[in-house]
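Written out below as structure tokens is the structure these notes cover.
The values are calculated or read from the model by the stated rules, or taken from the named source; none is laboratory data. What you are looking at is a predicted structure, and each value in this text was computed from that prediction instead of being measured. In this analysis, Cβ positions are derived from the backbone assuming ideal geometry, glycine residues included, and neighbour counts consider all displayed protein chains. Surface accessibility is based on the protein's heavy atoms, side chains included, excluding ligands, DNA and RNA. Shrake-Rupley method; radii C 1.70, N 1.55, O 1.52, S 1.80 Å.
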Amino acid sequence: MSVVIQSDEMVHAEQIVKRFGNLTVLNGVDLSVKRGQVVVIIGPSGSGKTTLLRCINHLEKIDSGRIYVDGELVGYREVKGKLMEDREANIARVRSGIGFVFQRFNLFPHMNALENIVEAPVQVLGHKKEEVTERAHALLAKVGLSEKAKAFPHKLSGGQQQRVAIARALAMNPKLMLFDEATSALDPELVGEVLKVMRQLAEEGMTMVVVTHEMGFARDVADHVIFMDKSVIVEQGTPEQVFGHTQHERTRNFLGMIAE
Amino acid sequence: MFRWDVVWQNLFSTPFVTAAWTTLWLSVVAQVIGVLLGLLLALMRMSRSPFLSLPARFYIWLFRGSPLLVQILILYTGIPELFHNQAVTTFLSAYVVILIAFSLNEGAYMAEIMRAGIESVDAGQMEAAKALGMRSSLGMRRIVLPQAARVIVPPLGNEFNNMLKTTSLASVIGLLELTGTAQTIGSISFTTFELLIVATAYYLLLTTLWGYTQNWIEKRLDPNRNQKVEVETKSLTTRMVGFGATRSK
């Protein structure tokens, strides 16, 4: 087992480099997320923000650098100073403590809403089905979908599907939640209901990293805003600093385009 | 002259009932092994490691590219000749040869069907499974394969339908399944034509029963099956004269 470093940091990433072939998507990115903090990453498409998020739970391998979640090295183990990819069982264990919400929901279409939520706690954590089912009903109530327990994904709207997906991730009792453009695939009138659930989570003190184009959410909910462009972090700080006292030209251009 | 009485006499005779049973169990066993082998080959073929994917490709190429009848004959006559070993010859009885040949051959076809099924499932499904802490084997079993099944089952059904009929090839090495039985008894009593009709009746019975079974399985795999869909079916009189009873399905 890797050395566990206790600190107030939930996510600690150093000098992350990620390449797809010749294309460098992350070029030496550092990231620090404190416990209970909500970090929002903004930036134009192709800036690397989604890739960064996917590296945190090792859905993407990294070419160099180190990522720690809750003090534990993610996806790799250190052998004589070199990084080797970790055993699958270890990677899976680390992921089970990190919730991930996808842009396209990725609910399991052959299971109803309740079964979607119950699946992983039972199959991965070995929890009792009755106990998880009870918890799943509570989570469905929390995301406002008590009546939809038996509904299959294709009978749900995009907003409802995404709320089930959030409940599914929460059922694993994650210490960290990652949101990858959770509202980008939704019709405009359905964005609000998902953001509301995310706001509520933030208020409850959940540690969150959120990649989004919703500037209102970033402004109101974020403790820390990161602006990424062309594979690097250009600017970061409190929402007040990034939106109110923008330092960099690139950030200003981006925010200007969004405002239009 | 065609003798219907011979048909009726043989239709429920012990040799034909036994032969039908032989045809059925050979088909089921070979299909089950073929499905399992096909799954293994499909996973190997989709592997990123060439040590797994190349042998699988070679296997599929070999077995799909040569006739089953030739494969049966090679196993039945060629292999024993090669070894000149009594134990090998004894082991490779007609039943064993047929089971091996049919399973190996079916595995190659099922591999491609399985692969198409697995690849039809959105990559986001395995990602979601992994993000929830599942290992890929668990994600495959619980998330991907159940969804792939809906794509796999219709062609699998056709494969089994084919299998029921292709077992007739076993007659060339003297195995008494339906076709072999018809030929053997028929050549003694000069009633081959009549007995082939009997065999045909059994084949039709088996494939028809399988057709119903397949329908039932496909319905069960439909995710909408739990939803009661009210379909109003207009009765014949309603459609023809504009009034009458309506019934709900």
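Dipole size in debye (nearest 20) for chain B around its Cα centre, Lys and Arg Cβ +1, Asp and Glu Cβ -1?
On the way: 20 positive and 14 negative charges, 196 e Å.
In debye, rounded to 20, chain B gives about 940.
Diffusion of segment B:1-144 by Stokes-Einstein, at 37 °C in a medium of 0.692 mPa s and with Rh set to the Kirkwood radius over alpha-carbon pairs, works out to 180 µm²/s.
Please compute the net charge surrounding A:K61, taking Lys and Arg as +1 and Asp and Glu as -1 over other residues with Cβ under 9 Å from its Cβ. Mind dumping the intermediate values first?
Values: positive: A:K18; negative: A:E60, A:D63, A:E85.
Here the count lands on -2.
Using 12 Å as the cut-off for backbone N distance, which residues of segment A:44-65 belong to the label zone defined by a point 7 Å from the Cα of A:T24 along Cα→Cβ? Answer for this model: A:64. Across chain B the C-alpha pair distances fall into 10 Å bins from zero in the proportions 7, 22, 25, 21, 16, 8, 2, 0 percent.
Counting 0.36 nm for each residue step from B:S49 to B:H84 and taking away their Cα separation leaves a gain of 8.8 nm.
The gain in end-to-end length when the A:E88 to A:E249 segment is fully stretched comes to 53.7 nm, 0.36 nm per residue minus the alpha carbon separation.
Semi-axis lengths, largest first, of the ellipsoid equivalent to the protein assembly as shown are 59, 31, 18 Å, with √(5λ) applied to each eigenvalue of the Cα gyration tensor. Exposed loop sites are taken as chymotrypsin sites (Phe, Trp or Tyr not before Pro) in a DSSP loop (any state but H, G, I, E or B) with at most 14 other beta carbon atoms within 10 Å; the longest stretch of chain B without one runs B:13-189.
Taken over the Cα atoms of segment B:27-82, the convex hull encloses 94 Å³ per residue.
Take the Cα of A:H213, go 7 Å toward its beta carbon, and the backbone nitrogen atoms of segment A:177-202 under 19 Å from that spot belong to A:179-196.
Add +1 for every Lys or Arg and -1 for every Asp or Glu among the other residues with Cβ under 11 Å from the Cβ of B:Q9, and state the total. Mind showing how you got there, number by number?
Working: positive: B:R3; negative: B:D5, B:E194.
Residues close to B:Q9 contribute a combined charge of -1.
Accessible area per residue, 1.4 Å probe, Å², for segment A:4-101: what's the number?
On the way: 4180 Å² over 98 residues.
Computed with neighbouring chains in place, this is 43 Å² per residue.
Treating r as the C-beta distance of B:T208 and A:E131 and R0 as 41 Å, the FRET efficiency rounds to 0.30.
Checking the table A:K155/A:K196; A:K61/B:K130; A:K61/A:K175; A:K34/A:K148 against a 24 Å threshold on Cα-Cα, which pairs fail? Pairs exceeding 24 Å: A:K34/A:K148.
Spacing of the modelled spin labels on B:I217 and A:H154, each 7 Å from Cα toward Cβ, amounts to 2.0 nm. Using the Karplus relation 6.51 cos²θ - 1.76 cosθ + 1.60 with θ = phi - 60°, the per-residue 3J(HN,Hα) values for segment B:42-55 come to 5, 5, 4, 5, 7, 5, 6, 7, x, 5, 9, 6, 5, x Hz, with x marking Gly and Pro. Picking from A:N116, A:N90, A:N57, which is most flexible by a Gaussian network model of chain A using Cα springs under 10 Å? Top of the fluctuation ranking is A:N90. Run lengths n ≥ 4 of DSSP H only: what is the helix-derived mean residue ellipticity at 222 nm for chain A, with -39500 (n - 2.57) per run over all residues, to the nearest 500? It comes out at -10500 deg cm²/dmol, rounded to the nearest 500.
Taking Cα atoms of segment B:169-227, Rg/Rh with Kirkwood Rh, to two decimals?
Values: Rg = 17.7 Å, Rh = 13.6 Å.
With Rh from the inverse mean 1/r over Cα pairs, Rg/Rh is 1.30.
GNM on chain A, C-alpha springs below 10 Å: top fluctuator among A:G81, A:G237, A:G216? The residue that fluctuates most here is A:G81. Each principal axis of the Cα cloud of chain A was evaluated for its coordinate range; sorted largest first, these ranges are 52, 50, 35 Å.
With a Förster radius of 60 Å applied to the C-beta separation of A:S45 and B:F12, the computed FRET efficiency comes to 0.25. Expressed as a fraction of 2.2 N^0.38 Å, the value expected for a compact globular protein of N residues, the C-alpha radius of gyration of segment B:135-213 is 1.61. Shape descriptor for segment B:97-183: Rg over Rh equals 1.20 (Cα atoms; Rh from the Kirkwood inverse mean 1/r). Net charge near A:F105, counting Lys/Arg +1 and Asp/Glu -1 over other residues with Cβ under 13 Å of its Cβ? Net local charge, A:F105 excluded: -1.
Cβ-Cβ distance of A:E240 and B:L145, R₀ of 51 Å, FRET efficiency by 1/(1 + (r/R0)^6): the value works out to about 0.50. Note on segment A:205-247 and segment B:1-39: Cα centroid distance 71 Å, given to the nearest whole angstrom. Taking amide H positions as modeled 1.01 Å from N, with prolines and chain starts lacking one, the residues under 5 Å from A:M208 and 5 or more places away or on another chain are A:Q37, A:V38, A:V39, A:M177.
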